[in-house]
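Written below as structure tokens is the structure these notes are about.
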Amino acid sequence: MRRRGVLLPLSAAISSRSWGIGECSDLVPLASWLSSAGFSELMLLPLGTMADGQSSPYSACSAMALDPIFLSIESIDDFHRAGGVAAMPGASREALDIARASDRVNFTAVRMAKSAALEMAFRAFLQDEWAMHTARAAALAAFIARERWWLDDYALYRALSQQYGGAWRHWPSPLATRDARALNEARRQFGPHVLFEQYLQWVIDAQWQNARRAAADAGVRIYGDVPFVVDTGSADVWSRADEFFLDLSAGVPPDSFSATGQDWGLPVYRWDVVAGGGFQWLRARARRAAALFDGIRLDHLVGFYRTYARDKSGNAWFTPSDEHTQQWQGEQVIAAMRESGLHVLAEDLGVIPDFVRASLTHLAVPGYKVMRWERAYDQPGQPFIDPATYPETSVAASGTHDTETTAEWFDSLAPQDRLAVSGRVGAFDDSIRDVLLGHILQAGSAQAFIPMQDVFGWRDRINTPATVGDHNWTWRLPWPVDAWGDVPEAVERAAFCRRKIATA
């Protein structure tokens, strides 16, 4: 069975109730529209808690937690018992007005407004539920006990970050090195803040699971994106520092896309230690992902086989160094992810060694076929490969969150390439949009994920790699998702996609 889906950051999927950003409950009307359009899958970008001041979902300070910025404040009873918006401080209400009025996600305003609202909600919960030992208090206690395996470290990390700053290596040495006595004392000293962070994860877990069930009822499976590695300053690295080289930086070597390669400033796995421990942290990530998603995309899949590491002097190498170990390691990681029951997709874009592609084929792990890059490069004129011939065990795509939109890409092509891929030589228009969209929807791949922009032919980018600014990660849908049934363009797009998917 061929399944078709859409790629979209949750932050972009606003509804009429949203506080300036897409929220958990906004998945419900979004899933309804997707179902009406014949789509049965939704690929989201990472949802981990972002560090203060960050807007990139790939700059998370936790691989396990959900960012409270995605909480639907209007659905929290504790907030309304605390007085709701009218009881918020004036500056926070102003931030809420700014967030809602913006045509892009204003992360600063959203965080300011939601932080105030969540603190109010927590105080009301402490007074009305926790202190009174109610059923809801017992439910939070049960959640804390059940999720202790990741929540304890995360909540304490957040409390200590608030007290000492986010860079854990600059905390007092006993805390940075995780001295047991110091950690126990910190849990006692900062107990209320630790409980606050646990409360936030409890509330967002409930909202997320409700939304996920509603999506499933609409016939839509939700996929998550698992970043290759986490930030050096994250709760995960703090709690497992022995599994990372903190003085090295992960990236990719020079290639046809970048003459200098890329240095991500992220820590490098100590693969010998990770393997010696049975890949336990990666298994834990898979266990957590399985509690949230129906499937996952493994970001930078090749890095799990071999990581490109740089030192401060500019020296660089792959770790592990030999192909035999690299293959064994990559296949162990994939097996660890699959053990959780997740359907695993491989982001295998860029320069990928032949042995990695052979490994993925052997394991029947779907890799990506991005139409613009699928060409017969060894033939005259490098013709585009017909998407209808893509292998079934693959994921067809028109682009990713890092590429320019199909509209921008098409207009950059030479006339002969425009003709080859669409049968037209003119500038991008609705008819060309539908030809290109039809190619992906009717590809031979068992799955396809299309950026929402390409469904409509929009030119708004999600991210431009190697650039920093408010143009990245802040794009929002032009209409609230709960109003799409009344938006003619959205209704027309749903009908078009449903027809194409039905005949795929």
Members of region 104-128 that are within 15 Å of residue 23 (Cβ to Cβ) and not in a helix (DSSP H, G or I): 105, 106
Qualifying residue in region 322-333 (condition: out of contact with any helix residue (DSSP H, G or I) (no Cβ under 9 Å at 6 or more places or on another chain) and surrounded by fewer than 22 Cβ atoms within 10 Å (Cβ to Cβ)): yes
Single condition residue 467 does not satisfy, out of (1) assigned to a loop (DSSP other than H, G, I, E, B); (2) touching a Lys or Arg at 6+ places or on another chain (Cβ under 9 Å): (2)
Exclusive hit being of a type outside the set (Ser, Thr, Tyr), at pLDDT 95 or above and under 23 Å from residue 230 (Cβ atoms), set 160, 140, 126: 160
Helices (runs of 4 or more DSSP H) wholly inside region 278-387 containing at least 1 residues that are free of Cβ contacts under 8 Å to residues at least 40 places away in the same chain and either aliphatic (A, V, I, L, M) or farther than 25 Å from residue 57 by Cα (or both): 323-338, 354-363
Members of region 132-164 found to be within 26 Å of residue 290 (Cβ to Cβ) and loosely packed, with under 14 Cβ neighbours inside 10 Å, listed by number: 138, 139, 142, 145, 146, 148, 149
Contacts under 9 angstrom Cβ, first residue in region 170-195 being of a type outside the set (Ser, Thr, Tyr), partner modelled with pLDDT under 95 and assigned to a loop (DSSP other than H, G, I, E, B), 6 or more apart: 171/165
Single unsatisfied condition, residue 45 versus (1) surrounded by fewer than 24 Cβ atoms within 10 Å (Cβ to Cβ); (2) over 24 Å from residue 287 (Cβ atoms); (3) aliphatic (A, V, I, L, M): (2)
The lone exception for residue 293 - which of (1) closer than 29 Å to residue 175 by Cβ; (2) aromatic (Phe, Trp, Tyr); (3) within 18 Å of the chain's Cα centre (by Cα) it fails: (1)
Flag for residue 436 being in a helix (DSSP H, G or I) and loosely packed, with under 14 Cβ neighbours inside 10 Å: no
Filter pass, residue 459 being out of contact with any Leu (no Cβ under 6 Å at 6 or more places or on another chain), surrounded by fewer than 21 Cβ atoms within 10 Å (Cβ to Cβ), closer than 27 Å to residue 390 by Cβ and without any contact (Cβ under 8 Å) to a residue 24 or more places away in the chain: no
Any hit, region 445-456, residues being without any contact (Cβ under 8 Å) to a residue 12 or more places away in the chain and either in a helix (DSSP H, G or I) or within 24 Å of the chain's Cα centre (by Cα) (or both): no
Odd one out for residue 220, checked against (1) surrounded by 21 or more Cβ atoms within 10 Å (Cβ to Cβ); (2) at positive phi: (2)
Listing of helices (runs of 4 or more DSSP H) fully contained in region 131-176 that carry 2 or more residues being among the charged types (D, E, K, R) and within 25 Å of residue 281 (Cα to Cα): 148-164
Test: residue 173 is under 27 Å from residue 59 (Cβ atoms) and surrounded by 13 or more Cβ atoms within 10 Å (Cβ to Cβ): no
Lone unmet requirement of (1) modelled with pLDDT of 95 or more; (2) closer than 18 Å to residue 462 by Cα for residue 33: (2)
Subset of region 17-73 (residues that are of a type in the set (S, T, N, Q) and under 18 Å from residue 236 (Cα atoms)): 49, 54, 56, 59, 62
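The values are calculated or read from the model by the stated rules, or taken from the named source; none is laboratory data. Quick caveat: nothing in here was measured; it's all calculated off a predicted structure. Here Cβ is always computed from backbone atoms with ideal geometry, including for glycine, and neighbour counts include all displayed protein chains.
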